[in-house]
1. Express the accessible area of the chain per residue in Å², computed with a 1.4 Å probe while the remaining protein chains stay in the model.
2. Which of (i) -0.33, -0.39, -0.68; (ii) -0.29, -0.34, -0.63; (iii) -0.41, -0.47, -0.73 is the computed log10 I(q)/I(0) by the Debye sum over Cα atoms at q = 0.11, 0.12, 0.16 Å⁻¹ for the structure on display?
3. Counting other Cβ atoms within 10 Å, which trypsin sites (Lys or Arg not before Pro) in segment 48-98 have at most 11 and lie in a DSSP loop?
4. Measure off, as a whole percent, the carbon and sulfur share of the 1.4 Å-probe accessible area of the chain, all protein chains present.
5. Mind listing which GluC sites (Glu not before Pro) in segment 1-85 are in a DSSP loop and have 14 or fewer other Cβ atoms within 10 Å?
6. Just to check I understand the Karplus step: with θ = phi - 60° and J = 6.51 cos²θ - 1.76 cosθ + 1.60, what whole-Hz values come out for segment 63-71, glycine and proline as x?
Amino acid sequence: MSHPEEPVLLCCLLWAHTGEAESLHAYEDRVLQLIQEHGGEVVQRALADTAGQPDEVQLFRFPGQSSLDAYLNDERRTSLSAERDAAVARTELFPVRF
């Protein structure tokens, strides 16, 4: 008997390479569109207006780990890794409650 998956709730903090905040936002615009196709939801997305803070903060909800894994391994997302690496200096992804 299979057990239903637990929802996955995540916070993602993103810092851009110097001068690449707009490129980071453009990359995220593209890949965040894929989340809904995998059953997930972008609960909140905020862009920083102060230097030294994360350039973008995102809250996600996925129905389970398999949905998150499907999004993370989506070829449309992984094929943009060079674009991501050029724009994103640092990422912190961690589970949250809300």
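The values are calculated or read from the model by the stated rules, or taken from the named source; none is laboratory data. Quantities reported herein were computed from a predicted structural model and do not represent experimental measurements. Because the Cβ atoms are built from the backbone with ideal geometry, glycine has one as well, and the counts that use them run over all protein chains shown. Remember, those area values only see protein heavy atoms, side chains included, never the ligands or the DNA or RNA. Shrake-Rupley method; radii C 1.70, N 1.55, O 1.52, S 1.80 Å.
1. Details: 6230 Å² over 98 residues.
Ligands and nucleic acids excluded, the result is 64 Å² per residue.
2. (i)
3. Details: sites: Arg61, Arg76, Arg77, Arg84, Arg90, Arg97; in loops: Arg97.
Listed in order of number, the matching sites are Arg97.
4. Details: 3180 of 6230 Å².
Here it works out to 51 percent.
5. Values: sites: Glu5, Glu20, Glu22, Glu28, Glu37, Glu41, Glu56, Glu75, Glu83; in loops: Glu5, Glu20.
Answer in residue order: Glu5.
6. x, x, 4, 5, 5, 4, 4, 4, 5
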